[in-house]
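Everything below concerns the one structure shown next.
The values are calculated or read from the model by the stated rules, or taken from the named source; none is laboratory data. As the structure is a prediction and not an experimental result, all values here were calculated from the model. Please note: Cβ atoms are built from the backbone with ideal geometry, for glycine as well, and neighbour counts cover all protein chains shown. Ligands, DNA and RNA are stripped out before the accessible areas are found, and what is left, the full protein with its side chains, is counted by its heavy atoms. Shrake-Rupley method; radii C 1.70, N 1.55, O 1.52, S 1.80 Å.
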Amino acid sequence: MAEIQMSHIVKQYGDGFPAVNDVSLDIADGEFMILVGPSGCGKSTLLRMIVGLEDISSGDMVIGGKRVNDKAPRERNLSMVFQNYALYPHLTVFENIAFPLRLAKMDDAEVRRRVNEAADVLELHEHLERKPANLSGGQRQRVAMGRAIVRQAEAFLFDEPLSNLDAKLRGQMRTEISRLQRRLGITTVYVTHDQTEAMTLGDRVCVLRKGKIQQVASPRELYDQP
Ligand code: ADP
Ligand code: ADP
């Protein structure tokens, strides 16, 4: 787990208006931070700069006390959870969770130990031999998070993970993500344009507008505003 500290972060694409314009934000160890705001306000760009998928034009990005501006995504040890969960359909749940460990050529006993540990937390034991097609949306989400857990990632990053789901499933998944985040206590940054998600999931909400922070507050504080 790690603290994420952003200081005067700027992202300039070409010679247009900066997509992210002098953003300073500290996300505490274990905190669940929401990035919200209208389309085009810079949420995804900011998230991609945290993960390392986008170069930072200026400013400092510090994760777990280390400046990561020039570090590749794999050196940052963060875990991005995608909209479609990016599960491999031909692999079992076990192998989907184990995937990053197999890539890292971890020995089999340790792979089994870590996957089983993650399956305990995620209540996926009964499903380890199934394929993703035979899982519910909520179970797939848990598999995607399992992959992050086994890697012992320092933070979870979500980019609108629920935006393609119907309202009912979205509600279930909100509950699921919130419950797991609290149980794991892992630093989380979650991008959404959905007010309900913003107001129910996070410890704090960062409202972006035209690349700048308009406000950072707890959902309670936002709710109580006139
Ligand atoms: P959001 O996630 O809030 O919708 P984005 O971070 O995707 O916002 O985009 C912020 C701004 O940066 C927008 O004006 C968008 O058009 C621009 N932008 C995003 N990605 C690129 C890119 N690869 N090249 C040029 N401009 C981009
Ligand atoms: P690994 O394959 O071990 O996850 P990578 O360097 O491929 O290592 O990725 C490092 C991190 O960046 C991972 O958390 C991964 O999910 C994320 N990542 C990699 N590629 C992308 C991408 N195209 N878009 C968003 N996140 C990505």
| remark: Taking the dipole of the chain about the Cα centre (Lys, Arg +1; Asp, Glu -1; charges at Cβ), the one of 146, 125, 89 that reaches farthest to the positive side is 89
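Set the Förster radius R0 to 30 Å, insert the Cβ-Cβ distance between residue 53 and residue 95 as r into 1/(1 + (r/R0)^6), and round the FRET efficiency to 0.05.
Working: r = 25 Å, r/R0 = 0.84.
Computed FRET efficiency for residue 53 and residue 95 comes out at 0.75.
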| request: Would you work out the relative contact order for the range 68-135, in percent, from Cα pairs under 8 angstrom that are 6 or more residues apart? | output: 43
| query | Hey, rough spin-label estimate for residue 209 and residue 194, points 7 angstrom out along Cα→Cβ, what's it come to in nanometres? | reply | 2.4
| Hey, quick one: spin label on residue 86, modelled 7 Å out along Cα-Cβ, who in the range 17-55 has an amide N within reach, i.e. under 18 Å? | 44-55
| message | Could you give each residue of the range 170-175 its phi-based ³J(HN,Hα) in whole Hz, using Karplus coefficients 6.51, -1.76, 1.60 with θ = phi - 60°, and x for Gly or Pro? | response | 4, x, 4, 5, 4, 4
| Here are some pairs, 43/71; 71/105; 11/71; 66/105; which of them have Cα atoms lying more than 24 Å apart in this structure? | 66/105
| field | residue 55 accessible area, 1.4 Å probe, all protein chains in place, Å² to nearest 10 | value | 120
| For the chain: relative contact order, % (alpha-carbon pairs under 8 angstrom, 6 or more apart) | 31
| Under the definition of Cα pairs under 8 Å and six or more residues apart, what whole-number percent is the relative contact order of the range 164-226? | 20
| field | Length gained when the stretch residue 7-residue 108 is fully extended (0.36 nm per residue, less Cα-Cα span) | value | 32.2 nm
| query | Among 192, 100, 161, whose Cα sits farthest toward the positive end of the charge dipole of the range 83-226 (+1 at Cβ of Lys/Arg, -1 at Cβ of Asp/Glu, about the Cα centre)? | reply | 192
| Accessible heavy-atom area order of 57, 79, highest first, probe of 1.4 Å | 57, 79
| query | Any idea what angle helix 108-122 forms with the longest principal axis of the chain, computed on alpha-carbon atoms, 0 to 90 degrees, nearest 10? | reply | 70
| Solvent exposure ordering (accessible area, 1.4 Å, most first) of 126, 31 | 126, 31
| Residue (of 21, 77, 171) at the positive-pole extreme of the chain, dipole from beta-carbon charges | 171
| note | Rounded to the nearest 10 degrees, the helix 93-103 long axis (Cα) sits at an angle to the longest Cα principal axis of the chain of 70
| message | Could you give the length gained by full extension between residue 225 and residue 152, i.e. 0.36 nm per residue of separation minus their alpha carbon distance, to one decimal place? | response | 22.5 nm
